[in-house]
1. Which condition from (1) outside any loop (DSSP other than H, G, I, E, B); (2) within 27 Å of residue 345 (Cβ to Cβ); (3) among the acidic types (Asp, Glu) is the one that residue 465 breaks?
2. Please verify whether the range 487-495 includes one or more residues that are on the phi > 0 side of the Ramachandran plot and either in contact with a strand residue (DSSP E or B) (Cβ under 7 Å, 6 or more places away or on another chain) or in contact (Cβ under 8 Å) with a residue 24 or more places away in the chain (or both).
3. Consider residue 448 against the criteria (1) in a helix (DSSP H, G or I); (2) without any contact (Cβ under 8 Å) to a residue 40 or more places away in the chain: it satisfies all of them except one. Which criterion is unmet?
4. From the residues in the range 408-445 that are assigned to a helix (DSSP H, G or I) and of a type in the set (Asp, Glu), which one is farthest from residue 547 (Cα to Cα)?
5. Looking for something within 25 Å of residue 356 (Cβ to Cβ) and modelled with pLDDT of 90 or more - is there at least one such residue anywhere in the range 512-519?
6. I'd like the full set of residues that are part of a strand (DSSP E or B) and touching an Asp or Glu at 6+ places or on another chain (Cβ under 8 Å), limited to the range 527-557.
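The values are calculated or read from the model by the stated rules, or taken from the named source; none is laboratory data. Treat the numbers as computed from the prediction; the structure is a model and nothing was measured. Positions of Cβ are generated from backbone atoms using ideal geometry, with glycine treated the same way; all protein chains shown enter the neighbour counts.
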Amino acid sequence: MSEEKEKKSWIKRMAGGLDFRLMSLLMPYLKQYKKLIWISLLTMLLADILGASVPLFIKRVIDTSIAQNDLGDLYRTVTLLAVALFLSFVFRVIANYGVAYLGQKLLFALRKDLFQKVLSLANDFFDRVPTGTTLTHVTNDVENVRQFISEGIVAVISGITKVVIIMIFMFYINAYLALVTLACIPLFAISTYWFKTRIRSGFREVRKANSDINTKMVESLNGYREIALFQNRKVSEARFDVSNDKYLNAYHVIVGAYALYLPIIENITHLSTLVILLSASFGMGAKIEPGDIFAFFTLINMFFRPLREVAEQFNTFQSAMAAMERIEKLLEENVAIASPPKPQTPQLGESVAVDFHQVDFAYIEGQNVLEGLNFSLKPGEKLALVGSTGSGKSTIIHLINRLYDVNKGRVSLNGVDVRDWDLQTLREQVATIPQHVFLFTGTILDNIRLFDESIGTKEVQKAIDDLELNDFIDSLPGGLDYEVLEEGSALSNGQKQLLAFARAYVKNPALLILDEATASVDSSTEKQLEQAQGKLLATRSAIIIAHRLSTIQSADRILVLNHGHISESGKHEELIQANGLYRKLYEMQSISLSVGV
């Protein structure tokens, strides 16, 4: 579909009543608060009726109390007016509070569902969708929907109710003047249609620009070290300025529409007042009482004000429409990796067996990373994977953890295809220690047990004792209560790795995966890590990916990967004697180390 056709389709959908579709999508959330909704609507209706009745009291005062010099009637009318205004105030407060509370409840529920959905999505989603875009859905888009519920719906329902009530009062007071007033409605409708069309295109561009700004911001914050190290600040600022300019230019269209529309509506109100005056003077002047004129002046201002408020909600409405479409798209995003309806329950022990059978896998269709891969890991065996960058080492780990599913073949743990495991049970059996450890904002204790309070402090302390990490933990102010800064920025890579080992230990997995876990640490920390690694590997199956081949010489078996295939397999000495790819890699590293590279 061409861009022009997509644009026309979008406009057609927007004009075709997406309000009903939005409400149907929100209905499961709104149904939970039916009582609150009805109370809010009822009090809003009562407040509007009482507020719109004010001109009737004015007419009564002018045509009866003052004209007949009836002070008693004046006091009674003023007292009733005061009571009406007070009740209108009370009902309005209740209605506003109820709707605002409903909006916050809706925001809470939507944001919770979106966050749960995001956490359930597979890696392929994050491979194709920028983080900033997802962040926009969970924050800005949900807020737009809340604003529509808390403010937009209130303005629309209240505005329409007021208009209907005011029209009834107009015809009750004087049908002729009411018809004269309604003659100005076409001008209002034409102006509003132009305004709606104008801001619709403007807000569409604003939303695109806002998403782009969020993406650029997230990228810059995550990559601030690279920006500083490569002196890339000016380029980053320039890229951000482009997105910021797009946002500013898009908003110019909206600002221009508002700048013109509001004075037009104000002048239509003034025009209605002039028409009423002319009609009173030249048309039916003799038959119109003074109170009718004053009442109609008040009613005209009251009549066009809610219409204008309804029109002003077009931006809220359009933003909510587009936001809900994106929210719906995210909520309906296919969960590619999920537990089967009836998962199998394999026998579990201290270690597991792993089997890859004729496995093909590609991140991009037609570009296989693994092709026809076959290998097995026996329970308790320590298997090392080596190979150049892009040979498929990390992909094997992703498939075992089922971050992705194979395109062909099968990956099994204890003889059961990982796709037939309960996903949570599968990942509880596997602990992966990556080269780059991610730490969350919180205490050391929180980061070791990943905020899982079912893991007690005693269990964490046992892990620290067994892995001999007491000196490291005691060196931190507060020990286990030390507050980790964002992503552990105050800790070294080695210290993060030590926490990752403790994190894996308390998980007590049957399979341990070390993904170049000691590649970026100094020699003293490496010794600590090797001690901790020995404790972790004692009874477990293990897969070890190592950049430095000297660290895997004691592995039970080494697999040498080359372009998604196993080119060699055996122990260190066997592979050296085979004089193949492994020996070349080993000798290249030995030369590099000898010259200090």
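1. The number of the failed condition is (2).
2. yes
3. (2)
4. Applying the first criterion (assigned to a helix (DSSP H, G or I)) to the range 408-445 yields 418-420, 423-428, 444-445.
Filter once more, keeping what is of a type in the set (Asp, Glu): 420, 428.
Values: 420: 33, 428: 26 Å.
The extreme case among them is 420.
5. Looking for residues that are within 25 Å of residue 356 (Cβ to Cβ) and modelled with pLDDT of 90 or more, one finds at least one in the range 512-519, hence yes.
6. Applying the first criterion (part of a strand (DSSP E or B)) to the range 527-557 yields 541-545, 557.
Correct list: 541, 542, 545, 557.
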